Structures are given as C-alpha cells and as structure tokens.
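Comments concern the structure below.
The values are calculated or read from the model by the stated rules, or taken from the named source; none is laboratory data. All values reported here derive from a predicted model rather than from experimental measurement. A quick note on method: Cβ atoms are made from the backbone with ideal geometry, for glycine too, and the neighbour counts reach across all protein chains shown. Note: accessible area is taken over every heavy atom of the protein model, side chains too, but ligands, DNA and RNA are not part of it. Shrake-Rupley method; radii C 1.70, N 1.55, O 1.52, S 1.80 Å.
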Amino acid sequence: QKKVGFLGSSYFIGILCGMLFVPALSDYLGRKALFSLTMLTSIVGQLGLIRSETIGTSTMFMILIGMTWPGKRVTGLNYILEFIPEQSQKTYITIFTMFDYPSILLISLCYEYITQDWYPQQLLGVILSAVCLVFC
C-alpha cells in the first residue's frame, strides 16, 4: 500500500527535482532545444511507464516524467510567449491556464469514475508529446 502511495507522490518529487535545474538549463541550451529535449524525455518516460511491470520501475518513470514538467510547462510557455505580441500575452496565458489546470482534475475523475487503467492516459500523453515535438 505504501509503495502505491509513493508511486503517486513520485511524480511531484520529479517536478521538484526538475524545477531545481530545468529552468536554468533553458538559458544555457535555449528554450526550443530544452522544450524538445523534455518532450522527448517525456515520451521515453511515458512509454517506459506503459511497459513497466513493477512498482519500483513505475516509480522511476514517474519521477522522470515529473522532471519533464518544468520544461513542458514553464520553458514551453515562455518559448511560446516570445512569438506572441505583448498585448495578447495575458489572453494566451489565461487560455493556457483555463485548459491546463482543469486537466489535472479531469484525469483524476477519469481514473476514479471511468477506468483505473493508466494505459489510455499514458498513450494520449505519448501522442500529444510526439505532436508537440514534431511541430516545435
């Protein structure tokens, strides 16, 4: 039971670890390069999570996926904002926030009431990450 609870927390541990170095790397590597790297790493982590057969391996991949969050959310958003006129940036940030944060709740509700299988959600994550990587 504790291992399963830690599995859920490991994503947030990954976010915390990623926030320590990923945003600083964007200044060194560039926003586009870091965004692409985190999308690729996210795809690897999500595919690894799909193929994982033990809680320990799943925990490792959850930490890896969590570590990509700052690159996708923080660096990715900053990269996009560089191309948007300043007077429209608040609107785009509002739209991003309106869709991004409720998605966390929707994923939890899907898991609670529709299916407890992670495969469809991870497969959707792989597809969306691949689309972002290709069109970045």
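The table for this structure:
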quantity: Protein-only accessible surface order, largest first, of MET19, MET62, MET67 at 1.4 Å; calculated: MET19, MET67, MET62
quantity: Dipole of the chain, positive end: most advanced residue of ILE50, PHE61, PHE83 [Cβ charges, Cα centre]; calculated: PHE61
quantity: Degrees separating the helix 55-69 axis from the principal Cα axis of the chain, which is the longest one; calculated: 10
quantity: Accessible area per residue, Å², region 1-135 with all protein chains present, probe 1.4 Å; calculated: 67
quantity: Span from the region 83-101 Cα centroid across to the region 38-71 one, whole angstrom; calculated: 28
quantity: Taking the convex hull of Cα positions in the chain, its mean projected area over all directions (nm²); calculated: 8.7
quantity: Global form of region 41-118, assessed from the alpha-carbon gyration tensor, a/c cut-off 1.5; calculated: oblate
quantity: Dipole magnitude (debye, nearest 20) for region 1-135, charges at Cβ of Lys, Arg, Asp, Glu; calculated: 180
quantity: Degrees between helix 89-109 axis and first principal axis of the chain (Cα, 0 to 90, nearest 10); calculated: 10
quantity: CYS136 accessible area, assembled protein chains, probe 1.4 Å, Å²; calculated: 40
quantity: Residue-averaged 222 nm ellipticity for the chain, from DSSP H runs of 4+ at -39500 (n - 2.57), nearest 500; calculated: -27000 deg cm²/dmol
quantity: Qualifying chymotrypsin sites (Phe, Trp or Tyr not before Pro) for region 1-92 [loop in DSSP, other Cβ within 10 Å: at most 13]; calculated: PHE83
quantity: On Cα atoms only, tilt of 119-135 relative to the major axis of the chain in degrees; calculated: 20
quantity: Rounded accessible area of THR68 (nearest 10 Å², 1.4 Å probe); calculated: 0
quantity: Cα-based reach from LYS72 at 24 Å (exclusive), listing lysines while leaving out same-chain residues under 8 positions away; calculated: LYS32, LYS90
quantity: Relative contact order (%) - criterion: Cα under 8 Å, at least six apart; region: region 1-135; calculated: 35
